[in-house]
1. Could you figure out which of (1) loosely packed, with under 13 Cβ neighbours inside 10 Å; (2) assigned to a loop (DSSP other than H, G, I, E, B) isn't true of T104?
2. I'm trying to understand the selection: among the residues of segment 132-145, which are in contact with a helix residue (DSSP H, G or I) (Cβ under 9 Å, 6 or more places away or on another chain) and in a helix (DSSP H, G or I)?
3. What are the residues in segment 372-396 that are buried (at least 20 other Cβ atoms within 10 Å of the Cβ) and closer than 15 Å to L340 by Cβ, if any?
4. Can you tell me which residue is nearest to P557 (Cα to Cα) among those in segment 468-499 that are among the β-branched types (V, I, T), touching a helix residue (DSSP H, G or I) at 6+ places or on another chain (Cβ under 8 Å) and part of a strand (DSSP E or B)?
5. Restricting segment 159-175 to residues that are over 16 Å from S39 (Cα atoms) and either of a type outside the set (F, W, Y) or touching a strand residue (DSSP E or B) at 6+ places or on another chain (Cβ under 8 Å) (or both), which is surrounded by the fewest Cβ atoms within 10 Å (Cβ to Cβ)?
6. Restricting attention to segment 198-214, report how many residues are in a loop (DSSP other than H, G, I, E, B) and not polar (S, T, N, Q).
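The values are calculated or read from the model by the stated rules, or taken from the named source; none is laboratory data. Just so we're clear, the structure is a prediction, and the values are computed from it rather than from any experiment. FYI the Cβ positions are ideal-geometry reconstructions off the backbone, even for glycines, and counts take in every protein chain you see.
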Amino acid sequence: MQYPLSEKIGETALFVGRERELKYFDNWLANIPKRLSKSRVIIARRKSGKTAFVQRIFNQLWSENGAVIPFYFEFGEIKIWFPNLAIDYYRAFASQYISFITRTPKWIKHPPSLEQIREFGISHSITPLIDDVDFLLKNQAIGGSNDLMWKTACSAPHRFAGFYDQRILVILDEFQYINLVYRDENCQDNPDESLPGSYNSLSESKLAPMLVTGSYANWLLEIMSRYLKGGRLKQVRFSPYLTEDEGLQAVYQYALFYEEAITNETALQINQLCMADPFFISCVILSDYEEKDLTTSEGVINTVNYEISSYTAEMFSTWEEYIEYTVAQVNNRNAKNILLYLSKHHERYFTPKELQKELKLDLEVNEIHRQLKTLKEADLIQRGVSDIDFQGLQDGTLNLVLRNRFEKEIKEAAPNLKRGFTAEIAQLTRKNKHLQGKLNHYAGKFAEHILAVAMRNRKRFALSLFFFNVTDTTLLNLQKVKERVHIQREDGKNMELDIVAESSDKRVVLVEVKKTQTPVGSPLITDFQEKVKIYQTQFPDVKVLAAYFSLGGFTKPARDLCLAEGIGMAEEILEW
């Protein structure tokens, strides 16, 4: 897969999980060529992975080079003049369109000027490009109709799809910021709030359907209710949380790429306390906490607590921005009390009258209802089917931040989050067999990670600790344990080694990992031998120790081959 669009997540391998969401959108994307897919809007809070998700969809479609041409545009959280937006938007579309049809990634990475786009249109006889650019340049020069410039830009995907009988996916990230567009050049007057109406008919296009995202649910829903009525954008709620399995994979991936020491036990604990929230996990792995030690339970608890409570922590400061925006609208003690209560009891709905009784509020029911509506408009709670039913968001991360921020003010006692974290870990590890059972379960999914972490943490051990049929039982002194190391055969073919562990005495352990439930046969052992020989050729000064982990076991011919060639074997990880 290629990545012509630089993904905000950074290292592409850090995109973990989202299998359920990917399956849903794979079906939706498959129906676009048949003109059966209705425009969608993904609604979720900030740092939930929306941008990483839609950028991955863009790169997937670009790499497939199939029937759907992707177009990605992010509305910035900045003021912008109307005609400048039109030009930026059109340049983004034209450059990505040209990149797709010519298979040239650089057009996306370095968008050309309007003049360069026009030259391309002339040289390739793409009349719409020539006509559009001529119109934009003319109006830009004479200060012509800004409305027509924008109409030319925003309608381009639909027009091109119709003209050439193509299908184009229009991905509009952080759509709510379209309300930061100004008609005066100095961006001093009020912004043009009617601009979303430009997409009123375009959102119904089956030739160029839209995939919209937004981080401020109420703001975005208000835009949709005013300018994109009639369910033109079907809502998709996007959870900030991964599944438990996916969250653990994220812990291992972040620890691997950022070379942060963890143990298999603390990997489970980090995932538990971070609630499988990939952003929370990344904050803990990358935390600047001076006493950070993610190899012990106490170190995990202290680091998680730091990220939630310290003003200098990335987790806290990121949420601070979000809360400052929303809580500014409900800056009073009663509203905060209501917010904390609903957040704590998010499993049920409450009416204003019930909250009055539960919290002993000295407020009229109508005033409580007004504050509830304000909290809802600030995206901090949600409303039920009835106008008087309200519920806290089922967002554990937000709940922790809100408690840390407001609980002392409301209850006159600071929350002891560390005590709660300690209790969670105690429950997770109360029975060693239970922990061992969890790790055994995950071995089938993350065996290479679990094995690599176990080797890193022991550092000094004989390879026979993990594998039998080991001829060299001298203690290793590991200096570096790497996963998924690529080597190249003489003919240029790329090959991958699952684990490469380097000892200080110029010995290197090469491990192949197979997680299937079926036994490994001798052909796979032979393939591994080839990798070992290539590595030995490329690094002639080291002694290679080869080992094979197969969750499904070995066939008799495979076992005999390993015994003959001195390849270590293992079918389970006995040492964590």
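1. (1)
2. Going residue by residue through segment 132-145, those that are in contact with a helix residue (DSSP H, G or I) (Cβ under 9 Å, 6 or more places away or on another chain) are 132-137, 139-140, 143-145.
Once the filter is applied, which keeps residues that are in contact with a helix residue (DSSP H, G or I) (Cβ under 9 Å, 6 or more places away or on another chain) and in a helix (DSSP H, G or I), segment 132-145 yields D132, V133, D134, F135, L136, L137, N139, Q140.
3. At the first step, the residues of segment 372-396 found to be buried (at least 20 other Cβ atoms within 10 Å of the Cβ) are 372, 375, 378-381, 390, 392, 395.
L372, L375, A378, L380, I381, F390, G392, D395, listed by residue number.
4. So the residue we want is I499.
5. At the first step, the residues of segment 159-175 found to be over 16 Å from S39 (Cα atoms) are 159-160, 162-166.
From the residues that got through so far, the ones that are either of a type outside the set (F, W, Y) or touching a strand residue (DSSP E or B) at 6+ places or on another chain (Cβ under 8 Å) (or both) too are 159-160, 162, 165-166.
Values: R159: 17, F160: 22, G162: 14, D165: 7, Q166: 18.
The qualifying residue surrounded by the fewest Cβ atoms within 10 Å (Cβ to Cβ) is D165.
6. Result for segment 198-214: 4.
This table checks each residue for (1) surrounded by 12 or more Cβ atoms within 10 Å (Cβ to Cβ); (2) among the small types (G, A, S); (3) in a loop (DSSP other than H, G, I, E, B); (4) in the same structural domain as L172 (by TED's automatic domain parsing).
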position: M1; (1), (2), (3), (4): no, no, yes, no
position: K23; (1), (2), (3), (4): no, no, no, yes
position: N27; (1), (2), (3), (4): no, no, no, yes
position: T51; (1), (2), (3), (4): yes, no, no, yes
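Conditions tested, residue by residue: (1) at pLDDT below 95; (2) outside any loop (DSSP other than H, G, I, E, B); (3) small (G, A, S).
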residue: D147; (1), (2), (3): yes, yes, no
residue: A161; (1), (2), (3): no, yes, yes
residue: I168; (1), (2), (3): no, yes, no
residue: Y177; (1), (2), (3): yes, yes, no
residue: D184; (1), (2), (3): yes, no, no
residue: D192; (1), (2), (3): yes, no, no
residue: P196; (1), (2), (3): yes, yes, no
